[in-house]
Amino acid sequence: MPITSETILKVRYSETDQMGVVHHGNYAQYLELARIDWLSRLGISYKSMEENGIMLPVFTLDFKFTKSAFFDDELTVKTSLRKIPTARIIFDFEIFNENRESLTTASATLVFVDSKTRKPIPCPSYLIEKIKSY
């Protein structure tokens, strides 16, 4: 069932250390950009979700680094939905360089939360409908 998308990113100088290697802390931002892009390609605006009282904080984030990314590399972040969301949504990621070499794999679990009560809520029905229609 995985619904996938690919997001292209360019490594900026500020994201690297003195050796030109991407600092591991930047990968969380890459995944965030890819998740927002994934939602957008599905026709869902993350900003609109927040404006309608839904937040998606990260619950778990897991990385496996196998190769380094470097300044000026063009990275492809492949984002896949693991299963139909409930109160949680789980994504799997793979990051490739321009030679399609796998650099990093990751997974992220986010929780749907009501912005007023700060309590978990079910995935919005409109998101499940979009996923099922895909």
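Taking only Cα atoms, what is the 0 to 90° angle, nearest 10, from helix 27-41's long axis to the longest principal axis of the chain? It is inclined by approximately 50 degrees. Counting only DSSP H runs of at least 4 residues, each contributing -39500 (n - 2.57), and dividing by the residue count of the chain, the helix-based mean residue ellipticity at 222 nm comes to -6500 deg cm²/dmol. Heavy-atom surface analysis with a 1.4 Å probe gives the chain a carbon and sulfur content of 51 percent of its accessible area. Solvent-accessible surface of the chain, averaged per residue with a 1.4 angstrom probe and all protein chains in place: 58 square angstrom. Considering the chain, its Cα convex hull presents a mean projected area of 8.3 nm².
For residue 3, the residues whose modelled amide H falls within less than 5 Å of its own, excluding neighbours fewer than 5 places apart on the same chain, are 81.
The values are calculated or read from the model by the stated rules, or taken from the named source; none is laboratory data. Quick caveat, the model's predicted, so the values are computed rather than measured. Ligands, DNA and RNA are excluded from the accessible area calculation, which covers all protein heavy atoms including side chains. Shrake-Rupley method; radii C 1.70, N 1.55, O 1.52, S 1.80 Å.
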